[in-house]
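Here's the structure, in structure tokens; my notes come after.
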Amino acid sequence: MDLESDQVSQTQDFRQMLVDLAKHQDKLLFMQLYDYFSPRIKSFLVKKGASAELAEELVQETMLTVWKKAASYDPEKATASTWLFRIARNLWIDRLRKEKPDLLSPLSVYPETGYTPNMDVCDSGKIKSALDSLPLQQAQLVYKVYYEGKTHREIADDMGMPIGSVKSGLRLAFDKLRFRMGGES
């Protein structure tokens, strides 16, 4: 129970710190937020598939956005951590879109599927054809992984599916894509 009250207190403190940061542009408050959240955000981004260098760069962009846009934070709508991690996630997705990676490259982020595409055989027409051949739900799962950068849990919540169904649906989709793309297991 003591741990729970500490967590609630800390959540309230971070909310207040962001509100105060917006009002006063206090560098000390910013550094406290930075010191606490930057390693957590970096870890989050690495788990999403970013390299350590890219994750560090995105942490810097995230925290710069926090500094510039602290006034847009509404403590009634989100906790401080939710707001910061959403900024980081959105920057990660923007980076993926900007760099226009091959449609199948994020599949390596999901090693449990057992599929790592051979990029030499991939072209956009072949990829589109392979995706179009998937059942609608499987195509939606792949879309949410790639374009929206969502985790299995986020997809399950979005689609109202059990997480196990999301994982098995992705596995089936990747098996079909591997077959259509002419890849080997």
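The values are calculated or read from the model by the stated rules, or taken from the named source; none is laboratory data. Just so we're clear, the structure is a prediction, and the values are computed from it rather than from any experiment. FYI the Cβ positions are ideal-geometry reconstructions off the backbone, even for glycines, and counts take in every protein chain you see. What goes into the accessible areas is simple: the full protein's heavy atoms, side chains included, and nothing from ligands, DNA or RNA. Shrake-Rupley method; radii C 1.70, N 1.55, O 1.52, S 1.80 Å.
For the stretch 137-176, which positions are farther than 25 Å from ASP94 by Cα and either more than 17 Å from the chain's Cα centre (by Cα) or touching a residue at least 12 places away in the same chain (Cβ under 8 Å) (or both)?
Residues satisfying the conditions are GLY160, MET161, PRO162, GLY164, SER165, SER168, GLY169, ARG171, LEU172, ASP175, LYS176.
Just to be sure before I move on: is LYS128 under 25 Å from ASP94 (Cβ atoms), outside any helix (DSSP H, G or I) and either open to solvent by 50 Å² or more (accessible area, probe 1.4 Å) or modelled with pLDDT of 80 or more (or both) in the structure I sent?
no
How about the stretch 30-51: which of its residues are open to solvent by less than 30 Å² (accessible area, probe 1.4 Å) and assigned to a helix (DSSP H, G or I)?
LEU33, PHE37, SER38, ILE41, LEU45, LYS48
Any idea which residue in the stretch 67-94 is least open to solvent (accessible area, probe 1.4 Å), counting only those that are closer than 28 Å to ILE127 by Cβ and out of contact with any Leu (no Cβ under 7 Å at 6 or more places or on another chain)?
ILE93
The rows are residues; the columns are (1) at positive phi; (2) modelled with pLDDT under 85; (3) basic (Lys, Arg).
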position	(1), (2), (3)
LYS68	no, no, yes
ILE93	no, yes, no
GLU112	no, yes, no
GLN137	no, no, no
LYS150	no, yes, yes
PRO162	no, no, no
GLY169	no, no, no
